[in-house]
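Participant: Please read through the structure below; I'll follow up with questions.
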Amino acid sequence: MTRRTDTFLGARYRRLAKRGKKLAVDRSILVVAWHLLSDEQATFHDLGSDHYTRHIRPDT
């Protein structure tokens, strides 16, 4: 059974896994963790699974 998450990172994984670039998602998670740990006032706000289509490629 495959489970899908309705998050930005889940959508990023699905988009990049098609091209075999799964490590890019690992790096994204590490960057988020680093920012959260290095700044006491930082908070995490998920961009949503449709962020890519809404902001990066609005014409598709």
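The values are calculated or read from the model by the stated rules, or taken from the named source; none is laboratory data. Source: prediction; values computed, not measured. Using ideal geometry, Cβ is built from the backbone for each residue, glycine included, and neighbour counts are taken over all protein chains shown.
Participant: Which is among the β-branched types (Val, Ile, Thr), surrounded by 12 or more Cβ atoms within 10 Å (Cβ to Cβ) and at pLDDT 80 or above, of THR53, THR7?
Facilitator: THR7
Participant: Tell me which residues, restricted to the range 10-27, are hydrophobic (A, V, I, L, M, F, W, C) and either out of contact with any helix residue (DSSP H, G or I) (no Cβ under 6 Å at 6 or more places or on another chain) or over 17 Å from HIS45 (Cα atoms) (or both).
Facilitator: ALA11, LEU16, ALA17, LEU23, ALA24 - these are the residues of the range 10-27 that are hydrophobic (A, V, I, L, M, F, W, C) and either out of contact with any helix residue (DSSP H, G or I) (no Cβ under 6 Å at 6 or more places or on another chain) or over 17 Å from HIS45 (Cα atoms) (or both).
Participant: For ARG12, work out the one condition from (1) in a helix (DSSP H, G or I); (2) exposed (fewer than 12 other Cβ atoms within 10 Å of the Cβ); (3) not polar (S, T, N, Q) it doesn't fulfil.
Facilitator: (2)
Participant: Output the number of the condition that PHE44 fails; it satisfies all remaining conditions of (1) modelled with pLDDT under 80; (2) loosely packed, with under 11 Cβ neighbours inside 10 Å.
Facilitator: Looking at each condition in turn, PHE44 falls short on (1).
Participant: While we're on this one: When the residues of the range 15-41 are narrowed to those that are of a type in the set (S, T, N, Q) and over 10 Å from the mean Cα position of the chain (by Cα), which ends up surrounded by the fewest Cβ atoms within 10 Å (Cβ to Cβ)?
Facilitator: Taking the candidates together, the pick is GLN41.
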